[in-house]
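Below is one structure, written out as structure tokens, with a few remarks after it.
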Amino acid sequence: MLGGYPQISPVDLRGSFLFLAKLHRQHPSPTTNHALPFPRGVDCGAGIGRVTAGLLSRVCEVVDVVEPVEKFAREVPGKEMVGAGAVGDVYVVGLEEWRPETGRYGLVWVQWCLGHLTDEQLVEYLERCKEAVTKGGWIVVKENLSTDKDGEDIFDEVDSSVTRTDGKFRELFARAGMRVVETELQRGFPRVLYPVRFYALRPEKA
């Protein structure tokens with residue numbers, strides 16, 4: 001999902017780490033006895049584990065993986081982790097079918113995969129994630145944004161994916177009972193790529 005620009009991976013990972021550091025600094029969690037900020041996180045749509053190894057292993061003691069393509073999912077446990085975290089459970093299933101345990105995760109990371117869900121599937125997925133996140137935890141969405149001149153979502157007929165507008169994302173988050181606590185654009189990507197935005201979400205009633 002690097003758009004044919006593998007060289008942006010370090011920029012992507014650094015931007016994500018800085019965003020998480022900002023969340024941790026501005027919204028500190030209650031003091032725990034854990035060495036890393038999150039005892040358990042999950043990488044949704046993990047692919048071969050680039051984000052699992054290069055980012056989430058630095059902030060989570062254990063990282064579960066959700067990836068629908070089995071040959072990709074099999075690669076994740078063998079990857080060398082940049083941080084001290086370890087790979088936990090690997091779920092070979094699509095996000096629309098994943099059923100996480102209640103209160104299991106301090107961090108749910110979702111990057112470059114929501115375009116393969118319909119609006120209804122996305123809302124239902126977030127509703128399940130809302131129950132899976134711990135009190136004080138985060139759901140972080142990092143996705144491309146539509147650049148359509150008329151402010152509409154962009155549909156790709158080749159892979160049947162959708163690139164949504166910022167407004168559409170916010171509408172779907174609200175429908176799922178989530179509020180946007182922090183948001184910002186990823187910096188340092190080539191201008192030929194779609195803009196990429198972070199959304200740090202928490203349940204509306206939390």
Leaving out same-chain residues fewer than 8 places away, which aspartates and glutamates sit with a Cα under 19 Å from that of LYS79?
-> ASP12, ASP43, GLU61, ASP64, GLU67, GLU70, ASP89
Which of GLY83, GLY188, GLY15 moves the most in a Gaussian network model of the chain with Cα springs under 10 Å?
-> GLY188
In segment 165-206, the trypsin sites (Lys or Arg not before Pro) that sit in a DSSP loop and have at most 11 other Cβ atoms within 10 Å of their own Cβ are ARG187, ARG191, LYS205
Which whole-number percent is the relative contact order of the chain (Cα, under 8 Å, 6+ apart)?
-> 17
Of all trypsin sites (Lys or Arg not before Pro) in segment 123-163, the ones in DSSP coil with at most 11 other Cβ atoms within 10 Å are LYS149
C-alpha center-to-center spacing [segment 66-101, segment 112-142] in angstrom = 16
Which listed pairs, of LYS22/LYS130; LYS22/LYS71; LYS142/LYS205, have C-alpha distances above 27 Å, in listed order = LYS22/LYS71
[x] 38, 38, 36; [y] 50, 38, 32; [z] 61, 40, 32: which one is Cα extents along the principal axes in Å as calculated from this entry?
-> [y]
Determine the calculated [θ] at 222 nm for the chain from helices alone, applying -39500 (n - 2.57) to every DSSP H run no shorter than 4 residues and normalising by the residue count; nearest 500 deg cm²/dmol.
-> -7000 deg cm²/dmol
Simple spin-label estimate for VAL93/PHE155, 7 Å along Cα→Cβ, in nm, reads 2.9
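A short reminder: the numbers here are calculations on the coordinates, not readings from a lab. Keep in mind that this is a model prediction, so the values were computed, not measured. No Cβ is skipped: glycine too gets one built from the backbone with ideal geometry, and neighbour counts run over all protein chains shown.
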